[in-house]
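Undergrad: If you scroll down you'll find the structure; I have some questions about it.
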Amino acid sequence: MLKITLTRGMVGKKLTQKKVVQALGLGKYGSSVVHADSPTIRGMVTKISHLISVETVEDGEHKAKAAKAKKPAAKPAAKAAPAAKAKAAEPAAKAAKKEDAE
């Protein structure tokens, strides 16, 4: 497995280099992706070697780090404020008062 990190910005680079970076799944400066070591990926890495850094990682090591990093944070349940409920009922009460007055 290869961990590929974008170490240079893409401003002013050739269109073909930008397309290779995008095809690898890299976005902003400092972003990283992990790909299987294959001739296709190696060829892409060669084309933009001056823009990236490449590390070899173990398959199990990458999955363990990804599992820790991608745990979603627990979100507290949203509670409706009592004032909001009162404001929602207010227009209906005003309409009823107008009908009584007429």
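Undergrad: Which ones in the range 28-63 are surrounded by 12 or more Cβ atoms within 10 Å (Cβ to Cβ) and of a type in the set (Gly, Ala, Ser)?
TA: 31, 32, 53
Undergrad: I would also like to ask the following. Do you know which of the residues in the range 19-54 that are among the small types (Gly, Ala, Ser) and touching a residue at least 24 places away in the same chain (Cβ under 8 Å) is farthest from residue 8 (Cα to Cα)?
TA: Going through the qualifying residues, I end up with 36.
Undergrad: Suppose we filter the range 2-34 for residues that are out of contact with any strand residue (DSSP E or B) (no Cβ under 7 Å at 6 or more places or on another chain), under 12 Å from residue 48 (Cβ atoms) and among the β-branched types (Val, Ile, Thr); how many remain?
TA: Qualifying residue count, the range 2-34: 2.
Undergrad: For residues that are of a type outside the set (Gly, Ala, Ser) and part of a strand (DSSP E or B), scanning just the range 3-53, find the one that is nearest to the chain's Cα centre (by Cα).
TA: Looking at the filtered set, the residue picked out is 33.
Just so you know, all these numbers are worked out from the coordinates, no wet-lab data involved. The model shown is predicted, which means the values in this text are computed figures rather than measured ones. A quick note on method: Cβ atoms are made from the backbone with ideal geometry, for glycine too, and the neighbour counts reach across all protein chains shown.
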